[in-house]
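Engineer: Mind looking over this structure? Questions follow.
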Amino acid sequence: MKRKLFGRRGSITLFLCIILSAAILLETIYLEGAYRRKQEVILTEAVSHQTEQILSQFNRDYLDWYGIYVLDDVSSGSAVFDEMTKGYSDMSFEYELTDEFDKDDLRASAIEYMKLRGIAFEGSALLDRLNISVSQLSENSHTSGIGLGNWLPTFKDYLENKEKYKDRLSDFEDVCDHLGLGDKLPYFSAFCDDVSETWEKSSSQYFECGDSSVTVSLFDPGSIDSLTSAFDNYIDADLPSIVDRLLINEYAVYSFDSYVTRYQGDDDYEPESNILGIPFDEIHDSNEMGDLEYLFVGSSDKTLNKLVSYGTLFGTRLILNYSAFLLDEEKRSTALVFAEILCILISLLTFFTVNLSPTVVMYFILFVYAYTAALTDVTKLVLGMTVPIFYNDSVCEALGDFADTCYRDYFRVFLLFVPEDDLLERMVYVIKRDCEDSLYTGVRAEGSLREDKFTVKRRFELYENPE
């Protein structure tokens, strides 16, 4: 009986050993799996963060020169990866740059760059033509009293106390009536009524962008939030293709140099610079000038690019000048007088065998005059000076400084006749030439954990969905 019981107890012990061994083995597998998952998570995060760190090393000079985000000679190593995987000697990291910069990437860059900055640049050019500067607006002149520092407090007080100013105008109007000046100031009363009505209605302006719109009160400082939202909608909106084409065209005009190395400023000549004011001679040497002409013509022969560009410029000026002279009655009258005298002299010299029409000769004289003026205009434009777009006193008087054009203004029109793909390809060629490196927009990184590998491929978000 005792031997039988002893046998049963031995069987139970052996069974428990087998079960416990299996349980320990299973638990060890679970622990190893959990530890492996932890390593994989650490590896994944380390590779991702290291990839982001590599993308953050885009070339700042190329961004200033051409507004593009690209990677060239990245030598970041694996500092971030090593720090995050400290203590895990079986992990390794390597990467390579991918997605070489091409015309589609440039198209996305140019549109985004000019969409954000185009309004500011065009506004600055507008102020320059109007001879207005921020310093003039903000200066606090004690002699003139027109500086921003003088009128801004008053305007702020007006915004906060509209009723006070409304009452003051009403009181002033009553005083004028009491003194018998109402009849002598017939427009003042109407002016006061208009101002009062404006205040009462809180004059507003309606802005529309795409499918969204916003009404902004001109006299309500809080409406600036609504105006900001409207501009945000503009930035995020999908613009028509024609607008994209114009933005690319403006980018080309602003970002590439020409054979005009300096422009005449208010006081002296200023070196030709890019959109951010960086002189082109800091971007490339003088042997690489003439990029704007290359974008227009597209020939590898620089002399041909210059000749075609100058010839097109001359032809444009000739057409503009001839049209202006034909519309100028005074010039037509003067030319007709010379034409009649010339016709008489020709008739006398040929013994009346050659009789020309004074009207035909008048058109020829105007053409010669326009031809001579076009030669002078091209010379001035190439030297960095400005010429009126149209030689007509009434037009020049109406447009003021807007009538003056420079060399680069004409290429704003010329480049519109270049197919978009050709223009983008030529710009990419110039950019790669100046940057002297292979340019990339993405990176492929790989982290290894023994025999397992984890791969991450990233690009700049700007180029992910260019359309």
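Engineer: Looking only at segment 374-392, decide whether some residue is of a type in the set (Val, Ile, Thr), within 51 Å of the chain's Cα centre (by Cα) and surrounded by fewer than 14 Cβ atoms within 10 Å (Cβ to Cβ).
Structural biologist: Yes, because at least one residue in segment 374-392 is of a type in the set (Val, Ile, Thr), within 51 Å of the chain's Cα centre (by Cα) and surrounded by fewer than 14 Cβ atoms within 10 Å (Cβ to Cβ).
Engineer: Which condition number in (1) on the phi > 0 side of the Ramachandran plot; (2) touching a helix residue (DSSP H, G or I) at 6+ places or on another chain (Cβ under 9 Å) is the one that GLY277 fails?
Structural biologist: (2)
Engineer: Here is a follow-up. Need a quick list: helices (runs of 4 or more DSSP H) entirely within segment 300-415 having at least 2 residues that are modelled with pLDDT of 85 or more and closer than 29 Å to ASN274 by Cα.
Structural biologist: Filter on segment 300-415 gives 302-327, 358-382, 407-414.
Engineer: How many of the residues in segment 246-271 are in a loop (DSSP other than H, G, I, E, B) and either touching a Cys at 6+ places or on another chain (Cβ under 6 Å) or in contact (Cβ under 8 Å) with a residue 60 or more places away in the chain (or both)?
Structural biologist: 5
Engineer: Would you mind stating whether LYS331 is under 30 Å from SER258 (Cα atoms) and charged (D, E, K, R)?
Structural biologist: no
Engineer: Continuing with the same structure: Across segment 289-311, what is the number of residues that are of a type in the set (S, T, N, Q) and open to solvent by less than 70 Å² (accessible area, probe 1.4 Å)?
Structural biologist: Total satisfying the criteria: 3.
Engineer: Out of everything in segment 273-288 that is open to solvent by 40 Å² or more (accessible area, probe 1.4 Å) and part of a loop (DSSP other than H, G, I, E, B), what residue ends up being nearest to LYS302 (Cα to Cα)?
Structural biologist: Only one residue fits best here, namely ASP285.
Engineer: Shifting gears a bit: In segment 64-146, which helices (runs of 4 or more DSSP H) lie fully inside it and hold 1 or more residues that are at pLDDT 65 or above, crowded, with 21+ Cβ neighbours inside 10 Å and over 13 Å from the mean Cα position of the chain (by Cα)?
Structural biologist: Helices (runs of 4 or more DSSP H) meeting the threshold: 79-84, 103-129.
Engineer: Here are some conditions: (1) over 22 Å from LEU416 (Cα atoms); (2) surrounded by fewer than 19 Cβ atoms within 10 Å (Cβ to Cβ); (3) touching a residue at least 12 places away in the same chain (Cβ under 8 Å). PHE325 meets all but one. Which one does it not meet?
Structural biologist: Unmet for PHE325, out of (1) over 22 Å from LEU416 (Cα atoms); (2) surrounded by fewer than 19 Cβ atoms within 10 Å (Cβ to Cβ); (3) touching a residue at least 12 places away in the same chain (Cβ under 8 Å): (2).
Engineer: Could you run through segment 412-456 and say how many residues are more than 22 Å from the chain's Cα centre (by Cα), farther than 22 Å from TYR62 by Cβ and open to solvent by 50 Å² or more (accessible area, probe 1.4 Å)?
Structural biologist: Final tally of qualifying residues: 6.
The values are calculated or read from the model by the stated rules, or taken from the named source; none is laboratory data. Here the structure is a predicted model, which means the values were calculated and not measured. So basically every Cβ, Gly included, is an ideal-geometry build from the backbone, and we count neighbours across all protein chains shown. Note: accessible area is taken over every heavy atom of the protein model, side chains too, but ligands, DNA and RNA are not part of it. Shrake-Rupley method; radii C 1.70, N 1.55, O 1.52, S 1.80 Å.
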